[in-house]
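Written below as structure tokens is the structure these notes are about.
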Amino acid sequence: MNLDGASKGNPGHTGGGGRIRDHLGKWIRGFSANFGSCTSVKAELLALLKDLQIARGEGLGHLLIQMDSQIVVNKIKELIGKYEVYGNTIKKCQNVDNGSRLDGGNITLF
């Protein structure tokens, strides 16, 4: 999976998009979405959540998630930690995978 979130201003108008491909690079599904007004970090998290929901809807098991926000990758790996402002969105991302850790098991985040 490849995904990205963006913000015009911070906070500001945000959106995101993503694509899911199989292990050979063949297109499976993609999306683009308007996330309203929020921060750039929240837009990245919402793009991740949307992509995870699509992947689970497609019945995909092993996921490699590629995103350009090291801040979000770190927040997910810390499993909320000191980032309570994004805690609800991070929990939603985790719950898509039945509560398992996003950076381990069947999902690798980088």
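Annotations
- Remark: residue 73 matches the filter, which requires a residue to be of a type in the set (A, V, I, L, M, F, W, C), modelled with pLDDT under 90 and assigned to a helix (DSSP H, G or I).
- Members of the range 19-62 that are aliphatic (A, V, I, L, M), in contact (Cβ under 8 Å) with a residue 12 or more places away in the chain and farther than 19 Å from residue 88 by Cβ: 20, 28, 54, 55, 60
- Restricting the range 1-40 to residues that are assigned to a strand (DSSP E or B) and of a type in the set (Val, Ile, Thr) leaves a set whose member that is surrounded by the fewest Cβ atoms within 10 Å (Cβ to Cβ) is 28.
- Residues that are touching a Ser or Thr at 6+ places or on another chain (Cβ under 6 Å) and either surrounded by fewer than 19 Cβ atoms within 10 Å (Cβ to Cβ) or assigned to a loop (DSSP other than H, G, I, E, B) (or both), drawn from the range 41-70: 64
- Within the range 6-18, tally of residues that are under 23 Å from residue 95 (Cα atoms) and modelled with pLDDT under 95: 0
The values are calculated or read from the model by the stated rules, or taken from the named source; none is laboratory data. This one's a predicted model, so the numbers in the text were calculated from it and none came from an experiment. All Cβ positions, even for glycine, are placed from backbone atoms using ideal geometry, and neighbour counts span all protein chains on display.
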